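Here is the structure we will look at.
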Number of protein chains: 2
Amino acid sequence: MHGSPPQGPLVVALAFDGAPMFELSIPAEIFGLPRPEFGADWYRFALVSADGAMVRTGHGWELSVDGDLTLLERADMIVIPGWRPANPEVPAALRAAMLAAHARGARLASICSGAFLLAELGLLDGRRATTHWLHAPLLAQRYPRIAVASDILYADGGDVLTSAGSAAGIDLLLHIVRQDYGVARANAVAKRLVLPAQREGDQRQYDDSLRPPQQTDRLAALMARILESPAEKWPVNRLAAEAGMSLRTVARAFAARAGCAPGT
Amino acid sequence: MHGSPPQGPLVVALAFDGAPMFELSIPAEIFGLPRPEFGADWYRFALVSADGAMVRTGHGWELSVDGDLTLLERADMIVIPGWRPANPEVPAALRAAMLAAHARGARLASICSGAFLLAELGLLDGRRATTHWLHAPLLAQRYPRIAVASDILYADGGDVLTSAGSAAGIDLLLHIVRQDYGVARANAVAKRLVLPAQREGDQRQYDDSLRPPQQTDRLAALMARILESPAEKWPVNRLAAEAGMSLRTVARAFAARAGCAPGT
């Protein structure tokens with residue numbers, strides 16, 4: 001009673017040392033589970049690291065993958081489940097593979113701090129893009145050509161898509177399934193995930209009226225102020241000045257709290 | 001600026017060959033991320049396998065863990081992120097460790113098919129419990145002493161808690177954080193996960209009226225179109241015209257299916 005193995009778009013997710021376990025598991029769950037009910041017309045999925053070797057996740061666990069960057073040559077979509085906001089430089093081989101994939105039409109989709117990798121490649125210049133609300137000020141400060149939307153769940157730029165932190169990546173990937181296979185299949189995937197109804201990309205990342213922040217230190221107090229005035233500019237040098245920290249320290253502290261890409 | 005390392009309850013999640021990556025990552029994300037803003041009074045987290053060796057996840061990737069069953073001797077809470085519904089027998093050493101932990105007061109919390117492990121231990125007999133809707137009929141058939149609630153998100157039985165599949169595990173673990181540390185911290189965790197407001201345990205696992213896989217009538221077809229073009233305006237008079245129903249009828253039918261009034 002099992003259907004044919006899937007023959008549809010090849011989705012490749014990028015693992016790296018420090019990769020966040022939860023964000024990594026999102027594309028695996030959406031694209032990589034057996035769905036015999038959909039037959040052959042469904043995604044194929046692979047997890048890759050730069051050299052095909054195991055990575056060490058942000059929690060410190062070792063994780064094996066399915067292959068190396070050569071899989072990006074055949075990918076129809078590449079998911080970047082996080083990156084290193086404090087140290088976003090992209091190694092040459094990965095940069096070349098990503099740019100080649102994009103040039104031949106592969107879709108690139110980021111979750112959380114994965115937007116920093118796309119930003120480093122210049123692929124977000126002149127575009128509206130998003131990332132986890134914790135990282136948004138740093139993304140806007142470092143890449144002034146990006147129109148950073150810090151409080152939406154995801155931004156669909158066609159060939160390049162970005163989403164906010166953690167669970168908002170689920171919303172983006174369900175949006176992609178909806179585009180590729182229609183609402184009925186997207187809803188079947190959501191139902192198996194035991195998720196509530198669709199969240200739109202422009203839905204706010206959070207609602208502070210429900211979530212009073214705890215102001216336990218200067219950075220927490222500062223973060224609460226950012227949340228209260230997200231429309232204001234919060235470049236990292238302002239964050240540093242107001243928190244009484246160095247640029248490096250404040251960038252690192254923000255990255256540590258977002259938990260999206262602990263490898264700093 | 002980092003807080004003290006956490007000294008709070010030790011949460012241990014159980015990995016095993018075939019363990020689902022997404023469900024495994026949920027306790028890691030909720031309990032296992034650095035949260036220096038909470039200081040020392042926060043959970044410690046460890047991932048274990050029966051013998052401390054690597055496991056092979058359901059996707060086939062190898063994953064290392066933090067330790068073996070001896071960690072269960074000190075655990076304040078054990079999370080079971082899944083189990084083997086078709087072959088749920090529990091190896092003797094794991095059975096003994098789980099029962100000993102429960103006997104000395106550790107909380108046991110399951111996600112998805114993890115309820116089958118608790119059921120095998122007899123810990124759900126005479127209780128209300130849940131699992132993923134896909135597995136609920138098998139759970140009820142195999143363990144007739146359990147009051148299986150197949151369409152709730154989670155059931156809090158005090159010392160033994162069960163949740164439905166996948167994302168509903170997030171709801172249960174946030175519920176536990178709310179019990180242990182209050183609503184403000186639970187909301188801060190949800191906010192970092194970029195999750196919407198709290199879902200109650202008795203919320204239904206899914207609502208098929210919002211997810212018409214088959215367009216059995218005009219209203220279902222119309223609702224599918226709304227889901228495909230949510231940015232459009234769908235006032236009730238347009239709904240009525242397109243469905244060929246009166247204003248009253250379409251409003252009532254829509255409310256019955258969607259659980260909310262149509263947009264105005």
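The values are calculated or read from the model by the stated rules, or taken from the named source; none is laboratory data. Keep in mind that this is a model prediction, so the values were computed, not measured. Note that each Cβ is placed from the backbone with ideal geometry, even for glycine, and that neighbours are counted across all protein chains shown. Side chains included, ligands, DNA and RNA excluded: accessible areas come from the protein's heavy atoms. Shrake-Rupley method; radii C 1.70, N 1.55, O 1.52, S 1.80 Å.
Assorted remarks:
- In the set (1) free of Cβ contacts under 8 Å to residues at least 40 places away in the same chain; (2) of a type in the set (V, I, T); (3) assigned to a loop (DSSP other than H, G, I, E, B), B:T70 fails one condition alone, (3).
- Taking the listed residues A:D159, A:D171, the one that is modelled with pLDDT under 95 and among the charged types (D, E, K, R) is A:D171, with no other qualifying.
- Candidate set from segment B:33-48 (those that are closer than 19 Å to A:R56 by Cβ and under 21 Å from the mean Cα position of the chain (by Cα)); member that is nearest to the other protein chains (Cβ to nearest Cβ): B:L33
- Meets criteria (more than 18 Å from B:F22 (Cβ to Cβ) and buried (at least 20 other Cβ atoms within 10 Å of the Cβ)) for B:A129: yes
- Any hit, segment A:49-61, residues being outside any helix (DSSP H, G or I), open to solvent by 10 Å² or more (accessible area, probe 1.4 Å) and in contact with a Pro (Cβ under 7 Å, 6 or more places away or on another chain): yes
- Unmet requirement for A:A149, which otherwise passes all of (1) aliphatic (A, V, I, L, M); (2) open to solvent by less than 10 Å² (accessible area, probe 1.4 Å); (3) over 22 Å from A:W42 (Cα atoms): (2)
- Top-ranked residue of segment B:16-32 - restricted to ones that are in contact (Cβ under 8 Å) with a residue 60 or more places away in the chain and not in a helix (DSSP H, G or I), ranked as nearest to the other protein chains (Cβ to nearest Cβ): B:P20
- Selection status of A:G39, surrounded by fewer than 24 Cβ atoms within 10 Å (Cβ to Cβ) and either among the basic types (K, R) or touching a helix residue (DSSP H, G or I) at 6+ places or on another chain (Cβ under 9 Å) (or both): no
- Residues within segment A:37-83 that are in contact with a strand residue (DSSP E or B) (Cβ under 9 Å, 6 or more places away or on another chain) and among the acidic types (D, E), tallied: 4
- Answer residue from segment A:73-91, given it is open to solvent by 10 Å² or more (accessible area, probe 1.4 Å) and in contact (Cβ under 8 Å) with a residue 40 or more places away in the chain and is farthest from the chain's Cα centre (by Cα) among those: A:R74
- Test for B:G58: is it under 19 Å from B:A184 (Cα atoms), within 9 Å of another protein chain (Cβ to nearest Cβ) and out of contact with any helix residue (DSSP H, G or I) (no Cβ under 6 Å at 6 or more places or on another chain): no
- In segment A:90-142, the residues that are among the β-branched types (V, I, T) and in contact with a strand residue (DSSP E or B) (Cβ under 8 Å, 6 or more places away or on another chain): A:I111, A:T130, A:T131
- Within segment A:73-90, the set of residues being part of a loop (DSSP other than H, G, I, E, B) and touching a Pro at 6+ places or on another chain (Cβ under 8 Å) comprises A:D76, A:P81, A:G82.
- Evaluation of A:A101 against (1) open to solvent by less than 40 Å² (accessible area, probe 1.4 Å); (2) over 23 Å from A:S25 (Cβ atoms) (one fails), failing number: (2)
- Filter result (in contact with a Lys or Arg (Cβ under 7 Å, 6 or more places away or on another chain) and closer than 19 Å to B:G122 by Cβ) within segment B:135-159: B:I146, B:A147, B:A149, B:A155, B:G157, B:D159
- Residue within segment B:22-33 that is crowded, with 24+ Cβ neighbours inside 10 Å, touching an Asp or Glu at 6+ places or on another chain (Cβ under 7 Å) and assigned by TED's automatic domain parsing to the domain that holds B:C112 present: yes
- For B:G201, the conditions (1) of a type outside the set (A, V, I, L, M); (2) open to solvent by 20 Å² or more (accessible area, probe 1.4 Å); (3) at pLDDT below 85 all hold with the exception of (2).
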